[in-house]
1. Counting only residues that are part of a helix (DSSP H, G or I), open to solvent by 10 Å² or more (accessible area, probe 1.4 Å) and without any contact (Cβ under 8 Å) to a residue 24 or more places away in the chain, how many does the stretch 12-28 have?
2. Take Val160 and tell me if it is at pLDDT 95 or above, closer than 18 Å to Asn80 by Cβ, within 16 Å of the ligand (Cβ to nearest atom) and buried (at least 18 other Cβ atoms within 10 Å of the Cβ).
3. Please determine whether any residue of the stretch 167-188 is hydrophobic (A, V, I, L, M, F, W, C), without any contact (Cβ under 8 Å) to a residue 60 or more places away in the chain and open to solvent by less than 30 Å² (accessible area, probe 1.4 Å).
4. What is the residue count in the stretch 140-156 for residues that are within 14 Å of the ligand (Cβ to nearest atom), in contact (Cβ under 8 Å) with a residue 24 or more places away in the chain and open to solvent by 30 Å² or more (accessible area, probe 1.4 Å)?
5. Has the stretch 69-86 got at least one residue that is over 25 Å from His31 (Cβ atoms) and either modelled with pLDDT of 95 or more or not polar (S, T, N, Q) (or both)?
6. Six or more apart or on different chains, Cβ under 8 Å: which pairs go from a residue in the stretch 31-58 that's under 26 Å from Gly126 (Cβ atoms) and open to solvent by 90 Å² or more (accessible area, probe 1.4 Å) to one that's within 16 Å of the ligand (Cβ to nearest atom) and at pLDDT 95 or above? Could you list them?
7. Could you tell me whether Leu8 is surrounded by fewer than 19 Cβ atoms within 10 Å (Cβ to Cβ), within 16 Å of the ligand (Cβ to nearest atom) and assigned to a loop (DSSP other than H, G, I, E, B)?
Amino acid sequence: MAHELPPLPYAYNALEPYIDEQTMRLHHDIHHKAYVTGLNAAEEKLALAVQNGDFSAVKALMKEAAFHGSGHLLHCIFWNNMAPPGNGGGGEPTGSLAEKINKDFGSFKNFKSLFTAAANAVEGSGWGILAHRKIDDKLVVLQSEKHQQLTQWGVTPILVLDVWEHAYYLKYQNRRAEYVNAWWEVVNWSNVQLNYDSI
Ligand code: MN3
């Protein structure tokens, strides 16, 4: 069964004025779709390699699968991590997620500062990520370069922020920090709680 591009869980203009409609259309319909197409192609070629017993291209295919696979999975989390501002988006987490953030980072303010700094400091294209690490039951803030580098094994991402230029360049140009600040106004904490509960 091939991977498919999931529809956005809200309208393309639902995150205005923080994230504009044109960016959302390009980002979802073109960029995310390309990762789905790339992952399907890589997996088809890998299956064919196994079938033919010809692994001469395995290194390149593994890279393709890691890049497009991580890109597809992170965007699936990312769309659901957001909601219209004032209507599910923005504010602060509550309940067990808020308690865990306070426990592991000291306060929501501390967590937000660290996540913001990490997202702003990604070298080139990549992501800011809040993840749960199972081995010590801890929430950790991570960066990812591109989609697949600098990650840790054994963690489950529960909140992710795309800082590739395609995610903000039309509206914010080179001002990534402004985009990162604005993004907090559309974070869907109920969804992050749901992700946290499902660990
Ligand atoms: Mn993206």
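1. Number of matching residues: 2.
2. Against the criterion (at pLDDT 95 or above, closer than 18 Å to Asn80 by Cβ, within 16 Å of the ligand (Cβ to nearest atom) and buried (at least 18 other Cβ atoms within 10 Å of the Cβ)), Val160 qualifies.
3. no
4. Qualifying residue count for the region: 2.
5. Within the stretch 69-86 (the criterion being over 25 Å from His31 (Cβ atoms) and either modelled with pLDDT of 95 or more or not polar (S, T, N, Q) (or both)), the answer is yes, since at least one residue qualifies.
6. What qualifies is Lys33/Leu5.
7. So Leu8 passes the test.
The values are calculated or read from the model by the stated rules, or taken from the named source; none is laboratory data. On a predicted model such as this, the values are computed, not experimentally measured, just so you know. Ideal geometry is used to build each Cβ from the backbone, glycine not excepted, and the neighbour counts take in all protein chains shown. These area figures cover heavy atoms from the full protein model, side chains too; ligands, DNA and RNA do not enter into them. Shrake-Rupley method; radii C 1.70, N 1.55, O 1.52, S 1.80 Å.
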